[in-house]
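Engineer: There's a structure below that I have some questions on.
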Amino acid sequence: MPGRPRTYLDWNATAPLMADAREAMIAALDLSGNPSSVHGEGRALRALIDGARRDVAVLAGAEAAHVTFTSGATEAANMVLTPDFRMGRTPLKVGRLYVSAIEHPAVREGGRFEKEQVSEIPVMPSGVVDLVALETLLEAHDASSGLPMVAIMLANNETGIVQPVREAAAIVRKRGGLFVVDAVQAAGRIPLSIGEIDADFLVLSAHKLGGPKGAGALVSRGEVLMPAPLIHGGGQEKGHRSGTENAAALAGFAAAARAAREDIEARNARLAGLRDRMEDRMKALAGGLVIHGQGMPRLSNTTFFSLPGLKSETGQIAFDLEGIAVSAGSACSSGKVGASHVLTAMGFDAALGGLRVSLGPTTTEADVDRFLDAFARIAARRRQGVSAA
Ligand code: PLP
């Protein structure tokens, strides 16, 4: 709708590119060398990439040497979710992958494991991964097939619920397994440290924090234990991920990572205030409203709700017509809205679906008010039984 002011409340799908990231990218585009070349032009690009690696490492509480850049979180997940690892020069087999039922498809699809090598860890109706079920699953793990690998996200992209990954890590350690944490939604929003979580690997994406789409990283705990490469070729990224690095995208990723870790607490307090006010008002406006994960540890920017009588797809279109971008669960590449696997896993009637409102650092009181005005109109139309769209 050209000309109509838009209110963007879909930051969990992607964050608008930050001005700093844009500037860094444009500057990097003017560097003409290949980072693998030893001449001055090449070395300038290499220095830029090394700097980006340091910035992303700080974001993840990791060592720069342990950051492998990829084309995004999906690639990083596919790289790490594999039965084939090396411990130094020694091959190491992973026999089974255990993924939580609420993982993003990038992880839930199981990467390079055969479908029959993947088991699902259930979640409780609260939206939190069931750690008792994880223990039971790992107790029954057949060690003769190889090690167990467990993948649990730090914060869910639909509900925003922060998962008990440290406790999960303790369970995985007891069984000698590998632990992978998708930190895509958490990075830059809550403090992050691979060591504190006690994860072996973190998966990151640039575009959720204001960097460009198409850049991400696999962060490892050390340099010895690494997955077999997914992309083979010229040996870039220490042979873990070949292909000439996208230096401009990495410069943007680094700028976003630097900005994200500044004032994290103040930003969260402001966003939580906006979000809580929004949720209180929504509840007052619409009887029967369910806010998924309310009262649970959640990202301060996320509200995921269901309103009886309002289908998520219809609701999303209605908000779009009001000039407001929200999401009906997670965005699929096809643009279609499937039943939310997260709501299904929580035992909620997924046929109704949910709508996700996700705020970001530049979201204002006025944005939230515009959303609430639209919400009031859409909720009233639903009450009158008129098609919300
Ligand atoms: N993991 C989570 C939790 C996500 O929200 C997303 C993006 O939607 C991804 C992984 C995939 O990230 P990318 O778009 O960088 O491949």
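The values are calculated or read from the model by the stated rules, or taken from the named source; none is laboratory data. Keep in mind that this is a model prediction, so the values were computed, not measured. Neighbour counts are summed over all protein chains in view; Cβ atoms, including those assigned to glycine, are modelled from backbone coordinates with ideal geometry. SASA here: full protein model, heavy atoms, side chains in, ligands and nucleic acids out. Shrake-Rupley method; radii C 1.70, N 1.55, O 1.52, S 1.80 Å.
Engineer: Counting Lys and Arg as +1 and Asp and Glu as -1, each charge on the Cβ, what is the dipole of the chain about the Cα centre in debye, to the nearest 20?
Structural biologist: 360 debye
Engineer: With every protein chain present, what is the per residue accessible area of the chain (1.4 Å probe, Å²)?
Structural biologist: 41 Å²
Engineer: State the extension gain, in nm to one decimal, for the chain segment bounded by residue 65 and residue 268, taking 0.36 nm per residue of separation less the distance between their alpha-carbons.
Structural biologist: Roughly 70.1 nm would be gained on extension.
Engineer: Here is a follow-up. Quick check: at a probe of 1.4 Å, how many percent of the accessible area of the chain sits on carbon and sulfur atoms?
Structural biologist: Summing carbon and sulfur atoms, their accessible area is 54 percent of the total for the chain.
Engineer: For region 194-300, state which GluC sites (Glu not before Pro) are in a DSSP loop and have at most 10 other beta carbons lying within 10 Å of their beta carbon.
Structural biologist: Sites meeting the loop and neighbour criteria: 262.
Engineer: Could you give P(r) for the chain, binned at 20 Å from zero, as whole percent values over all Cα-Cα pairs?
Structural biologist: All Cα pairs, binned at 20 Å, distribute as 28, 55, 17, 0 percent.
Engineer: How large is the translational diffusion coefficient of region 113-213 in µm² per second when you combine the Kirkwood radius over alpha carbon pairs with Stokes-Einstein at 4 °C and 1.567 mPa s?
Structural biologist: 90 µm²/s
Engineer: Of all DSSP beta bridges in region 22-261, what percent run antiparallel (nearest 5)?
Structural biologist: Percent antiparallel among DSSP bridges in region 22-261 is about 55.
Engineer: For region 1-96, give the magnitude of the charge dipole about the Cα centre (Cβ charges: +1 Lys/Arg, -1 Asp/Glu; no others), in debye to the nearest 20.
Structural biologist: Computed charge dipole of region 1-96: roughly 360 debye.
Engineer: Determine, from the Cβ-Cβ distance of residue 32 and residue 89 and an R0 of 41 Å, the FRET efficiency 1/(1 + (r/R0)^6), rounded to the nearest 0.05.
Structural biologist: Computed FRET efficiency for residue 32 and residue 89 comes out at 0.65.
Engineer: How much length would be gained if the chain were fully extended between residue 144 and residue 173, taking 0.36 nm per residue of separation minus their Cα-Cα distance, in nm to one decimal?
Structural biologist: 8.7 nm
Engineer: Relative to 2.2 N^0.38 Å, what does the C-alpha radius of gyration of region 248-320 come to as a ratio? Two decimals please.
Structural biologist: That ratio works out to 1.45.
Engineer: Follow-up question, since we're still on this one. Hey, with R₀ at 25 Å, roughly what FRET efficiency would residue 317 and residue 276 work out to, going by the Cβ-Cβ distance, to 0.05?
Structural biologist: Once the sixth-power term is evaluated, E becomes 0.40.
Engineer: If I stretch the segment between residue 231 and residue 383 completely, what's the gain in nm (0.36 nm per residue apart, minus their alpha carbon distance), one decimal?
Structural biologist: 49.4 nm
Engineer: According to a simple spin-label model (label point 7 Å from Cα along Cα-to-Cβ), what is the distance in nm between residue 196 and residue 364?
Structural biologist: So the label points at residue 364 and residue 196 sit 3.3 nm apart.
Engineer: While we're here: For region 65-177, what does the alpha-carbon gyration tensor say about shape, rounded, prolate or oblate, given a ≥ b ≥ c as the root eigenvalues, a/c under 1.5 as rounded, and a/b over b/c as prolate?
Structural biologist: oblate
Engineer: Okay, next question. Any idea how far apart residue 43 and residue 136 come out in nm if each label point goes 7 Å out from Cα toward Cβ?
Structural biologist: 6.1 nm
Engineer: So what are the ³J(HN,Hα) numbers for region 236-243, from phi and the Karplus equation (6.51, -1.76, 1.60; θ = phi - 60°), rounded to whole Hz, Gly and Pro as x?
Structural biologist: Per residue, the Karplus-derived 3J(HN,Hα) values read 5, 6, 6, x, 7, 7, 7, x Hz.
Engineer: Further question: In nm, to one decimal, how far is the modelled label at residue 114 from the one at residue 20, with both set 7 Å along Cα→Cβ?
Structural biologist: With each label placed 7 Å out from Cα toward Cβ, I get 4.8 nm.
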